[in-house]
There are 2 protein chains.
Amino acid sequence: MTEQIVTPWEVSGEGEIDYDRLIKDFGSNRISNELIARIESAIGTKAHPWLKRGIFFSERDMNQILASYEKGEPFYVYTGRGPSSEALHLGHMIPFTFTKWLQDAFGCIVVIQLTDDEKFLWKDLKFDEARRFALENAKDIIACGFSPERTFIFRDTDYIHTMYPNIIKIARLTTTSTARAVFGFTNSDNIGKHVFPAIQAAPSFASTFPKIFGTTDETVLRKIRCLIPCAIDQDPYFRVTRDIAKRMKYPKPSLLHAQFLPSLHGAGSKMSASVGGTSIFMTDSKKQIKKKINKYAFSGGRATVEEQRELGADLKVDVPFHYLCYFLHDDVELERIRKDYSEGRMLTGEVKAILIKILQDLVMEHQEKRKDVTDKDVELFMTPRYMEVYEKKSEPIATVEETREGKE
Amino acid sequence: MTEQIVTPWEVSGEGEIDYDRLIKDFGSNRISNELIARIESAIGTKAHPWLKRGIFFSERDMNQILASYEKGEPFYVYTGRGPSSEALHLGHMIPFTFTKWLQDAFGCIVVIQLTDDEKFLWKDLKFDEARRFALENAKDIIACGFSPERTFIFRDTDYIHTMYPNIIKIARLTTTSTARAVFGFTNSDNIGKHVFPAIQAAPSFASTFPKIFGTTDETVLRKIRCLIPCAIDQDPYFRVTRDIAKRMKYPKPSLLHAQFLPSLHGAGSKMSASVGGTSIFMTDSKKQIKKKINKYAFSGGRATVEEQRELGADLKVDVPFHYLCYFLHDDVELERIRKDYSEGRMLTGEVKAILIKILQDLVMEHQEKRKDVTDKDVELFMTPRYMEVYEKKSEPIATVEETREGKE
């Protein structure tokens, strides 16, 4: 059995990551075709290709979210980012792109936590630097097209006061043994790290957002479910959160887990901002994208044209094809490439050329949209404010007047 | 050697507390007559009787505070309370009474931390209960007569946002080993406790109070010294804080340590709100005070009048006389009682009668003053606002206009 480590801070292994084993180790469920069908039936449209292609592959209690939604009961989506760098790479975009789709599909509220405090506690970053990165990252997130009416983005260092009641309630219920068993903290870790799991857990409970939901009434807030789309490495945080939810008298948050977008070097790693030449950044130029893909993207193609024509590419290790599974949304075209490339009718260069074009378009389009994000937009998205739980699908749970009186 | 335990959560020992040993164990300094003389010379008036009588008995770097003051350089006083109960007892009043004297003597700013989060993390208290206790305690503190122009009282749960940058900076510099060595935390303690030392440390640095000092400029704030009067059991927090100060590029906070007001049962314990019948509360009636002193105050007097006349009282264990050293400020009268009581010319009943009168007056006066504290007063004291560092003694370090612009 290969050695594989998947924690919020480290993803490594020999060869590719065994996602089946992660499901078993973490105790989650594989996303089934039945579940995808139920999602499609609930939203009245097709599921996102990342669900159908198994990129979002694992879940916890997604049926509970669908049951709530079908009854017109409220739920919201919570995701986040640790702002360790100014620029995002392609891998960082996965949860946001998917969350934006969820918002469109369900018309639901989205809250996005920027854990600038976490990055300050873990990395060799200055306090103001972590805060600045968070603000820059917020612009990229807004550029994904989230609804200004139903999206709240917050830095922990800005929003700590409103989160604090839930943070210390969660902290009181979490022993250091639990935190150490789940996250591997030791005596040489700083005391801030030990409490951080409570800070990442807090947004899983609707009472962390009294202004968003327009009430401080716990009996109302306890009925609002939370859905968390995230990469599978974040699951440990939410396993702890789910254990605590019951004791907080809150519903357990539901989860949708994504696989990691591999680095250009290939499987068994996730794209990382700190390893140079292995990532495509959302700030890269067309030329840089072309160069990186051509130079670094690990190919499953054969050594010579002749061999490739005869044997075809090994798609399991081929990074360009893997990326196409993420970013080429046309199922027919993807299937054609899969067949032609694996059966030797396409060469790596041709597949890379297709990928380069797709990524160039995606990144350039993102850069255009990001340029259009104004300071006023950032201020709006980052202001706690009342939101209707669903777009025209249910009654607001509180009136605007009640909200204004709501203490935060 | 007697077994003696002095931590922020436990004070116990066989027989009386050995304060000389505490000075040695903690590595602080006994307050010398020279230091008292220098204080008197700086403030141009007599030192508080609790300094002269050795009730405030130990210190760290008090000379640094005096040197700053003599040069007209800024310092402020920081003290606090853990709001574990609605009513304060006599022992709780010691640091506040003394701090009020410091404020009068030096004309300095005082900040008072109410650690409602600590009590929530440690005790079987509801979140809102801890917050309510803190508010009730604030009224008692205001009733001590602090200057509304130069006193800021805050609950952690209200002020966390402004404290947070310093909290996580301190937390990053504190390993769990250190916290465990100093405070004895174990794996079964909740994760919130582990981070709390950073929360109690934060107010030791002037940057925790940008609005009070009217600036966010660290080069200015780093010049403002902090003096902490507290009971000696709080010293572990500030030993850690002093170690960290250097790495934060801040002056180490100075300290003045008080002995514990013993419970009515006698030496080797401190007055505790949670042990019934051993404490005099600031809410007690005249009748209750009389009854408690007469019934519970441990006497060093002899078994019979005859023996007392012959041998005199053992003042070392006599609680009524011990209390008089705290609350009878007339040195001549105290000396007369000391002599007469220890030499058998006074009986315990007479000494108790004097003490009862003094405490009844003190408690009744406090209750009167507390009644006069309005909600508006509480709001004022608990609002972060610009203050001049000394009363007419130095130039303000920032103008009011700058303050209004100051971000907090």
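Overview of values
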| item | result |
| --- | --- |
| Residue A:102 being away from chain B (no Cβ under 14 Å) and either within 15 Å of residue A:281 (Cβ to Cβ) or basic (Lys, Arg) (or both) | no |
| Enumeration of residues in region A:52-67 that are in contact with a strand residue (DSSP E or B) (Cβ under 8 Å, 6 or more places away or on another chain), among the hydrophobic types (A, V, I, L, M, F, W, C) and not in a loop (DSSP other than H, G, I, E, B) | A:56, A:57, A:62, A:65 |
| Region A:13-26 - residue that is in contact (Cβ under 8 Å) with a residue 24 or more places away in the chain and assigned to a loop (DSSP other than H, G, I, E, B) and, of those, most open to solvent (accessible area, probe 1.4 Å) | A:14 |
| Positions within region A:310-323 being within 18 Å of residue A:49 (Cβ to Cβ) and in a helix (DSSP H, G or I), in sequence order | A:320, A:321, A:322, A:323 |
| Failed item, numbered, when residue B:213 is tested on (1) within 14 Å of chain A (Cβ to nearest Cβ); (2) over 30 Å from residue B:23 (Cα atoms); (3) buried (at least 24 other Cβ atoms within 10 Å of the Cβ) | (1) |
| Condition met for residue B:228 (over 24 Å from residue B:11 (Cα atoms), buried (at least 20 other Cβ atoms within 10 Å of the Cβ), assigned by TED's automatic domain parsing to the domain that holds residue B:39 and among the aliphatic types (A, V, I, L, M)) | no |
| Residues of region A:87-118 that turn out to be open to solvent by 10 Å² or more (accessible area, probe 1.4 Å) and either farther than 17 Å from residue A:157 by Cα or small (Gly, Ala, Ser) (or both), as a count | 10 |
| Any hit, region A:381-401, residues being farther than 18 Å from residue A:74 by Cα, at pLDDT below 80 and open to solvent by 30 Å² or more (accessible area, probe 1.4 Å) | yes |
| Only listed residue being in contact with a Ser or Thr (Cβ under 9 Å, 6 or more places away or on another chain) and at pLDDT 95 or above, chosen from B:29, B:33 | B:29 |
| Answer from B:99, B:176 - the residue that is under 25 Å from residue B:247 (Cα atoms), modelled with pLDDT of 95 or more and of a type outside the set (A, V, I, L, M) | B:176 |
| Within region B:173-185, considering residues that are hydroxyl-bearing (Ser, Thr, Tyr) and not in a loop (DSSP other than H, G, I, E, B), the one surrounded by the fewest Cβ atoms within 10 Å (Cβ to Cβ) | B:177 |
| Qualifying residue in region B:37-60 (condition: crowded, with 21+ Cβ neighbours inside 10 Å and within 17 Å of residue B:390 (Cβ to Cβ)) | yes |
| Test: residue in region B:211-225 that is touching a strand residue (DSSP E or B) at 6+ places or on another chain (Cβ under 7 Å), over 17 Å from residue B:170 (Cα atoms) and at pLDDT below 95 | no |
| Pick from region A:131-172, criterion over 30 Å from residue A:105 (Cα atoms) and more than 7 Å from chain B (Cβ to nearest Cβ), ranking: surrounded by the fewest Cβ atoms within 10 Å (Cβ to Cβ) | A:132 |
| Those residues of region B:173-185 which are of a type in the set (S, T, N, Q) and either without any contact (Cβ under 8 Å) to a residue 60 or more places away in the chain or at the interface with another protein chain (Cβ under 7 Å from one of its Cβ atoms) (or both), in sequence order | B:174, B:175, B:176, B:177 |
| Flag for residue A:277 being touching a residue at least 24 places away in the same chain (Cβ under 8 Å), on the phi > 0 side of the Ramachandran plot and either not assigned by TED's automatic domain parsing to the domain that holds residue A:242 or not basic (Lys, Arg) (or both) | no |
| Considering residues of region A:186-196 that are at the interface with chain B (Cβ under 7 Å from one of its Cβ atoms) and assigned to a loop (DSSP other than H, G, I, E, B) only, the residue least open to solvent (accessible area, probe 1.4 Å) | A:189 |
| Any hit, region B:94-103, residues being in contact with an Asp or Glu (Cβ under 6 Å, 6 or more places away or on another chain), in the same structural domain as residue B:200 (by TED's automatic domain parsing) and under 17 Å from residue B:382 (Cβ atoms) | no |
| Checklist (1) free of Cβ contacts under 8 Å to residues at least 60 places away in the same chain; (2) buried (at least 22 other Cβ atoms within 10 Å of the Cβ) applied to residue A:125, failing item | (2) |
| Qualifying positions in region A:324-351 - assigned to a helix (DSSP H, G or I), among the acidic types (Asp, Glu), open to solvent by 40 Å² or more (accessible area, probe 1.4 Å) and under 17 Å from residue A:314 (Cβ atoms) | A:350 |
| Unmet criterion (only one of (1) over 22 Å from residue B:326 (Cβ atoms); (2) charged (D, E, K, R); (3) part of a loop (DSSP other than H, G, I, E, B)) for residue B:46 | (1) |
| Residue A:278 open to solvent by 50 Å² or more (accessible area, probe 1.4 Å) and over 19 Å from residue A:117 (Cβ atoms) | no |
| Residues located in region B:297-309, provided they are surrounded by fewer than 18 Cβ atoms within 10 Å (Cβ to Cβ) and not in a loop (DSSP other than H, G, I, E, B) | B:305, B:306, B:307, B:309 |
| Given (1) charged (D, E, K, R); (2) open to solvent by 80 Å² or more (accessible area, probe 1.4 Å); (3) farther than 23 Å from residue B:141 by Cα, number of the condition residue B:318 does not satisfy | (2) |
| Hits in region B:205-243 - residues which are part of a helix (DSSP H, G or I), within 26 Å of residue B:30 (Cβ to Cβ) and in contact with a Phe, Trp or Tyr (Cβ under 6 Å, 6 or more places away or on another chain) | B:235 |
| Close pairs from region B:313-327: first more than 15 Å from residue B:345 (Cβ to Cβ), partner open to solvent by 40 Å² or more (accessible area, probe 1.4 Å) and among the basic types (Lys, Arg), Cβ under 8 Å, at least 6 apart | B:325/B:53 |
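The values are calculated or read from the model by the stated rules, or taken from the named source; none is laboratory data. No experiment lies behind these values; they were computed from the predicted model shown. Positions of Cβ are generated from backbone atoms using ideal geometry, with glycine treated the same way; all protein chains shown enter the neighbour counts. To get the accessible areas, we keep the full protein, side chains included, count just its heavy atoms, and leave off ligands, DNA and RNA. Shrake-Rupley method; radii C 1.70, N 1.55, O 1.52, S 1.80 Å.
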